[in-house]
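Visitor: Before I ask anything, here is the structure I am working with.
The values are calculated or read from the model by the stated rules, or taken from the named source; none is laboratory data. Please read all numbers here as calculations on a predicted model, not as lab measurements. We place every Cβ from the backbone using ideal geometry, glycine too, and count neighbours over all the protein chains shown. With ligands, DNA and RNA removed, areas are computed over all heavy atoms of the protein, side chains included. Shrake-Rupley method; radii C 1.70, N 1.55, O 1.52, S 1.80 Å.
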Amino acid sequence: MSDPQPQEPKGALARFLAASPDSVGKTIFVAVAVCLVASMVVSAAAVSLRPVQEANALKDKQVNVLQVAGVFEPGIDVTEAFAAFEPHVLELATGEFVDDQFDPATFDDQAAASDPELSVALDTDPAGIGRQAKYRVIYLLRDDAGDLDKVILPLHGYGLWSTLYGFIALENNGNDIYGLQFYQHGETPGLGAEVDNPRWKGLWNGKKLRDDAGELQITVAKSQPAAGPEFYVDALAGATLTSVGVDNLVKFWMGDAGYARFLAKLQAGEF
Ligand SMILES: Cc1cc2nc3c(=O)[nH]c(=O)nc-3n(C[C@H](O)[C@H](O)[C@H](O)COP(=O)(O)O)c2cc1C
């Protein structure tokens, strides 16, 4: 009597289970399973960490507002210190606050810049931003007596590799610069990223936007303009293109298409 022949497994699943671990089918199955599990873990982590990332981004922005206004100290309660700043939604075209239309605490002016209803496409676009939100969230800082001390204005524009996002802090006369700093950019470390260098940021303190005739004179350049040293910030060494970008974006936001109407009201003592 001969031995019984081994039975061929019946059905696809049975054939799969009986196949060698090195078979093409099992190899592909394991690769696909690993990919699926890994992508689910990554997706779950991304979704669950999003609120934390958003909270960190908000806190980073608040720290930057405190820093540019000169009130940040290490270890400070950021939320508490930031509460001293009075947010307003500013309509650029009129220089008026429109807090009755938009809540300053929640209005997202970066998102507004890509909303056709809330933004305009720029024909003249020296800052390289394409579209500009009609409304920006700005911050007023008052002294203990309730008088205006400083105003913090967001600005952004293209450097060499990236859009730089930051704030400028002005004194209550709307003309003297207290500070300028960027909280987000992708310029090269050691070159364009020297915009973050405290020594370079310090150059902005005490500079003026406009001359006595009201002409916008502030300039970032390699050499001092005729208007005088009080309107001049030395360009970054080895990063002329980023410096030109900063020059363009500061002029744009401080000019007629930016905060000029609001600053005129500020100078008139409206706030
Ligand atoms: C890898 C690399 C990265 C650079 N990154 C920057 C930058 O972030 N910002 C900038 O203005 N120039 C950057 N440059 C230099 C510019 O190409 C250009 O040479 C410079 O802006 C000219 O500045 P200067 O006239 O002060 O030398 C970079 C160059 C290289 C090769």
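Visitor: Averaging over every viewing direction, what projected area does the convex hull of the Cα atoms of the chain cover, in nm²?
Guide: Numbers: hull surface 96.0 nm².
Result: a mean projected hull area of 24.0 nm².
Visitor: Moving on. Relative to the compact-globule scaling 2.2 N^0.38 Å, provide the ratio for the alpha-carbon radius of gyration of the stretch 187-246. Write down the numbers at each step before the final one.
Guide: Working: Rg = 11.9 Å, N = 60, 2.2 N^0.38 = 10.4 Å.
Relative to the rule-of-thumb radius for its length, the stretch 187-246 sits at 1.15.
Visitor: Where the accessible area of the chain is counted over protein heavy atoms with a 1.4 Å probe, how much of it, in %, is carbon and sulfur?
Guide: Working: 8490 of 15090 Å².
Heavy-atom surface of the chain belonging to carbon and sulfur, 1.4 Å probe: 56 percent.
Visitor: Treating the beta-carbon of each Lys and Arg as +1 and of each Asp and Glu as -1, no other charges, what is the dipole magnitude of the chain about its Cα centre, to the nearest 20 debye?
Guide: With Lys and Arg at +1 and Asp and Glu at -1, about 1060 debye.
Visitor: Within the stretch 65-132, which GluC sites (Glu not before Pro) sit in a loop by DSSP and count at most 15 neighbouring Cβ atoms inside 10 Å?
Guide: On the way: sites: Glu80, Glu91, Glu96, Glu117; in loops: Glu117.
Filter output for the stretch 65-132: Glu117.
Visitor: What ranking of Leu249, Leu191 comes out by heavy-atom accessible area, probe 1.4 Å, highest first? Write out the running numbers ahead of the final one.
Guide: Details: Leu249 0, Leu191 80 Å².
Ranking Leu249, Leu191 by accessible area, largest first, yields Leu191, Leu249.
Visitor: Using only the Cα atoms of the stretch 66-193, build the gyration tensor, take square roots of its eigenvalues as a ≥ b ≥ c, and label the shape rounded, prolate or oblate: rounded if a/c is under 1.5, else prolate if a/b is larger than b/c, else oblate. Let's see the in-between values first.
Guide: Details: a/c = 1.81, a/b = 1.16, b/c = 1.56.
Taking the square roots of the gyration eigenvalues as a ≥ b ≥ c, the stretch 66-193 is oblate.
Visitor: On full extension of the chain, what length is gained from Ala93 through Gln267, given 0.36 nm per residue of separation minus the C-alpha to C-alpha distance? Before the final figure, lay out the partial values.
Guide: On the way: separation 174, 0.36 × 174 = 62.64 nm, distance 1.69 nm.
Answer, rounded to one decimal: 61.0 nm.
Visitor: Something else about it: Using 11 Å as the cut-off for backbone N distance, which residues of the stretch 70-113 belong to the label zone defined by a point 7 Å from the Cα of Arg50 along Cα→Cβ?
Guide: Inside the label zone: nothing.
Visitor: When the chain is treated as a GNM, springs tying every alpha-carbon pair under 10 Å, which of Asp60, Asp125, Asp22 comes out with the largest mean-square fluctuation?
Guide: Most flexible of the set in this elastic network: Asp22.
Visitor: Evaluated at 20 °C with a viscosity of 1.002 mPa s, what Stokes-Einstein diffusion coefficient in µm²/s does the stretch 152-257 have when Rh comes from the Kirkwood expression over alpha-carbon pairs? Please list the in-between numbers first.
Guide: Numbers: Rh = 13.6 Å.
My calculation gives 158 µm²/s for D.
Visitor: Any idea of the accessible area per residue across the chain, 1.4 Å probe, to the nearest Å²?
Guide: Numbers: 15090 Å² over 271 residues.
Heavy-atom SASA per residue in the chain reads 56 Å².
Visitor: Write down the Å³ per residue value for the convex hull defined by the alpha carbon atoms of the stretch 12-73. Mind showing how you got there, number by number?
Guide: On the way: hull volume 6.9 nm³, N = 62.
Output value, Cα hull per residue: 111 Å³.
Visitor: To continue, here is another question. Going by average Cβ density within 10 Å per residue, which order do the peptides 216-223, 183-190 take, highest to lowest?
Guide: On the way: 216-223: 17.5, 183-190: 15.5.
My ranking of the peptides, most packed first, is 216-223, 183-190.
Visitor: Here's something else I'd like to know. Starting from the Cα-Cα distance between Lys10 and Trp161, subtract it from 0.36 nm times their residue separation and give me the gain in nm to one decimal.
Guide: Values: separation 151, 0.36 × 151 = 54.36 nm, distance 6.17 nm.
That works out to 48.2 nm of additional length.
Visitor: First select every other residue whose beta carbon is under 11 angstrom from the beta carbon of Lys222; then total the charges, Lys and Arg +1, Asp and Glu -1.
Guide: Values: positive: none; negative: Asp234, Asp247.
With Lys, Arg at +1 and Asp, Glu at -1, the net is -2.
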